Amino acid sequence: MRKIRTKLLTPLTPDAAVIYRDHVIAWDEDGIAFIRRFDPALDKDCEDRRDLLCLPGFIDVHVHLSQYRIRGAYEPSLLNWLERHVFPEEARSVDPAYAKTLSDEFFQALFIAGTSTAVIYTAPFAEACEAAFASAASSGARALIGMTMMDSNGPPELIQSTDYAFSRSVELFERWHGRNPLLEYVFTPRFALSCSKELMSRVADFASARSAWIQTHLSENRGEIEHVLQLFEADSYTQVYERLGLLTDKTILAHAIHLDEAELDILAAHACKIAHCPDSNFFLKSGEFNYPALAAKKLRIGIGSDVAAGTALSMLYHAKMANFRQSAHSLKPERLFHHITLGNATLLGLEERIGSLEPGKEADLCFLRLPSPALPDEDLLSALCFWGHEWLVEETVVAGRTVFRRLEA
Ligand code: GUN
Ligand code: ZN
């Protein structure tokens, strides 16, 4: 059992967080055993880390492992960026050795950023997805992982047959579903432009029969939307997914920027989950996410890094971007912090297990080095949300196991 004397900060609701100063947190692989005020009589044996801040491990609900090495490759328009940078890089993962190296590198980088849980797209090769699962399992990550599916309109190096895309995804699902309590499969049709109707409806049927997760991209870029409407002869992008049965309460839709009222109603009717990717939306000049409109429909909004269109893995950086990328709507620090912890956990149905610091929850933690000179407690949360991405992550813990620890200087 680890016992650390430290400062803790945990979300309570989207509007409230709480600081526990000079407390002791104790945990092991069975979860958080207790959190209590430091007591010199009881707590002689604990590590004194009052120089650190203990937070719930961060959760990233949308990230592309296969693009990790091309962060910042510039091309400010989705379809051109995919062709020029993304597709050539994803093609490299056809080599299993490359896919393994990239996966190992990616999970280490997640932990160094304090992220304990991620929802991941891999390259469109079953072996690359398998390598990502193997790396997640050996490094101790908590993740939902899926092989990107694309059977239409892409470069020949990446295009799969419909059967390959579907049956290899099902194989990966059967192999990883329920095998490791930290890992889950997520069906991953890339977006409407790279998937046939047949593929998407086979995915939808299977996912609904087995109650499986689905992730895809929706309504990110104006040019993309025009192509989709022509190709599928539909009134809206959202209608395309709805007709094919892809919209469920376990479907995570990334971006969701250019939606009209009817589309918002469809998404709300199916209780779809939204991965808001503020940094990516501005890197690619895709547009501004209408946070108030989606929140008004009670849609569950999570935050994703969307690396590599997002430029960094740090979820603290993306919390700040969620504020900065609203030109008129202000998101308070309590809400930003909640989004990247308990809010994202709730989106994934994991709110009873992770997302906040509470006895009985699984121990997904990250420890940041507090700035010096010390900040007053009343300024801490705001400072964390606006420049916490500069504070060093000292340790990341997933399900009670330390997955990253900075070496002593
Ligand atoms: N739409 C389809 N594929 C992608 C991708 O890899 N990244 C982003 N941002 N949008 C996409
Ligand atoms: Zn994406």
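Here's the picture: charge each Lys and Arg Cβ at +1 and each Asp and Glu Cβ at -1 in the stretch 1-156, and of PRO124, ALA113, ALA136 the one pushed furthest to the positive end of that dipole is ALA113. For the chain, the number of Lys pairs with C-alpha atoms closer than 20 Å, counting only pairs eight or more positions apart or on separate chains, is 14.
Mind checking the per residue accessible area of the chain for me, 1.4 Å probe, whole number of Å²? Could the numbers behind the result be given before it?
Numbers: 15510 Å² over 409 residues.
Computed with neighbouring chains in place, this is 38 Å² per residue.
Put a dot 7 Å past the Cα of ASP104, heading toward its Cβ, do the same for ALA296, and the two dots end up 5.2 nm apart.
Extents of the stretch 217-263, largest first, come to 27, 19, 18 Å (Cα atoms, principal axes, whole angstrom).
In the Gaussian network model of the chain, springs joining C-alpha atoms below 10 Å, which of PRO124, PRO88, PRO373 carries the largest mean-square fluctuation? Fluctuation is largest for PRO373. When the helices of the chain are scored as -39500 (n - 2.57) per DSSP H run of n ≥ 4 and the total is divided over every residue, the value at 222 nm lands at -10000 deg cm²/dmol.
Can you give the local net charge around SER138? Use residues other than it whose beta-carbon is closer than 12 angstrom to its beta-carbon, Lys and Arg +1, Asp and Glu -1. Intermediate values should be presented prior to the final figure.
On the way: positive: LYS100, ARG401; negative: ASP104.
For residues surrounding SER138, the net value is +1.
About the centre of its Cα atoms, the chain shows a dipole size close to 640 debye [charges on the beta carbon of Lys, Arg (+1) and Asp, Glu (-1) only; nearest 20 debye]. Using only the Cα atoms of the stretch 325-409, build the gyration tensor, take square roots of its eigenvalues as a ≥ b ≥ c, and label the shape rounded, prolate or oblate: rounded if a/c is under 1.5, else prolate if a/b is larger than b/c, else oblate. It comes out oblate by the Cα gyration axes. Highest mobility in the GNM of the chain, judged by mean-square fluctuation with C-alpha springs under 10 Å and restricted to ARG21, ARG190, ARG179, is found for ARG179. If you take every residue apart from ARG335 with its C-beta less than 13 Å away from the C-beta of ARG335, what net charge results, scoring Lys and Arg +1 and Asp and Glu -1? Local net charge: 0. Considering only protein heavy atoms and a 1.4 Å probe, what is the carbon-and-sulfur percentage of the accessible area of the chain? Its accessible area is 51 percent carbon and sulfur atoms. Of the listed residues SER208, SER196, SER382, the order by accessible area with a 1.4 Å probe, largest first, is SER208, SER382, SER196.
Computed from backbone phi with θ = phi - 60° and the Karplus coefficients 6.51, -1.76 and 1.60, the 3J(HN,Hα) list for the stretch 245-259 is x, 7, 8, 9, 7, 10, 9, 9, 10, 8, 5, 6, 8, 9, 10 Hz; x is used for glycine and proline. Binning the alpha carbon pair distances of the stretch 327-376 at 10 angstrom intervals from zero yields the distribution 22, 39, 29, 10, expressed in whole percent.
The fraction of Cα-Cα pairs per 10 angstrom bin, counted from 0 for the stretch 184-280, comes to 16, 55, 27, 2 percent, rounded to whole percents.
Roughly what percent of Cα-Cα pairs across the stretch 100-221 reach past 18 Å?
Values: 3644 of 7381 pairs.
Beyond 18 Å sits 49 percent of the P(r) for the stretch 100-221.
Projected over all directions and averaged, the alpha-carbon convex hull of the stretch 265-384 occupies 9.0 nm².
Kirkwood radius, the stretch 122-180, all distinct C-alpha pairs, inverse of mean reciprocal distance: 12.0 Å.
Once the chain from ALA374 to ASP205 is taken as fully extended at 0.36 nm per residue, the excess over their C-alpha distance is 55.4 nm.
Report, for the chain, the % of DSSP beta bridges that are antiparallel, rounded to 5. Please report the intermediate quantities before stating the final value.
On the way: 29 of 64 bridges.
Within the chain, antiparallel bridges account for around 45 percent of the total.
Rg and Dmax of the stretch 147-204, based on Cα coordinates, read 11.9, 36 Å.
Quick check for me: using +1 on Lys/Arg Cβ and -1 on Asp/Glu Cβ, what's the dipole size of the stretch 234-276 about its Cα centre, in debye to the nearest 20? Before the final figure, lay out each step's value.
Working: 3 positive and 7 negative charges, 58 e Å.
So the dipole magnitude of the stretch 234-276 works out to roughly 280 debye.
Compute the angle between helix 377-387 and the longest alpha-carbon principal axis of the chain, please, reported from 0 to 90 degrees and rounded to the nearest 10. The angle comes out at about 30 degrees. Here the Kirkwood formula, the inverse mean of 1/r across different C-alpha pairs, assigns the chain a hydrodynamic radius of 21.4 Å. For the chain, modelled as a Gaussian network with Cα springs under 10 Å, which listed residue fluctuates most, ALA16, ALA118, ALA109? Of ALA16, ALA118, ALA109, the most mobile in the Gaussian network model is ALA16. Take 41-52, 224-235 and order them by the average number of nearby Cβ atoms within 10 Å per residue, most first; the result is 224-235, 41-52.
Does anyone have the angle between helix 197-210 and the longest principal axis of the chain? Alpha-carbon axes, 0 to 90°, nearest 10? For helix 197-210, the angle is close to 40 degrees.
Summing charges over all other residues whose Cβ lies under 11 Å from the Cβ of LEU381, with Lys and Arg as +1 and Asp and Glu as -1, gives -2. Each of ALA209, THR238, THR248 was placed along the dipole of the stretch 191-253 (beta-carbon charges, centred on the mean Cα), and the one lying farthest toward the positive end is ALA209. Each of MET149, THR101, PHE386 was scored by the projection of its Cα onto the charge dipole of the chain, and the greatest displacement toward the positive side belongs to PHE386; charges sit on the C-beta of Lys, Arg, Asp and Glu. Computed over all pairs of different Cα atoms, the Kirkwood value for the hydrodynamic radius of the stretch 1-89 is 16.7 Å. For the stretch 66-77, putting each phi into the Karplus relation 6.51 cos²θ - 1.76 cosθ + 1.60 with θ = phi - 60° gives couplings of 5, 10, 4, 7, 10, 4, x, 5, 8, 4, x, 6 Hz, in residue order, rounded to whole numbers and with x for Gly and Pro.
The values are calculated or read from the model by the stated rules, or taken from the named source; none is laboratory data. Since this is a predicted model, take the numbers as computed values, not measurements. Here Cβ is always computed from backbone atoms with ideal geometry, including for glycine, and neighbour counts include all displayed protein chains. Remember, those area values only see protein heavy atoms, side chains included, never the ligands or the DNA or RNA. Shrake-Rupley method; radii C 1.70, N 1.55, O 1.52, S 1.80 Å.
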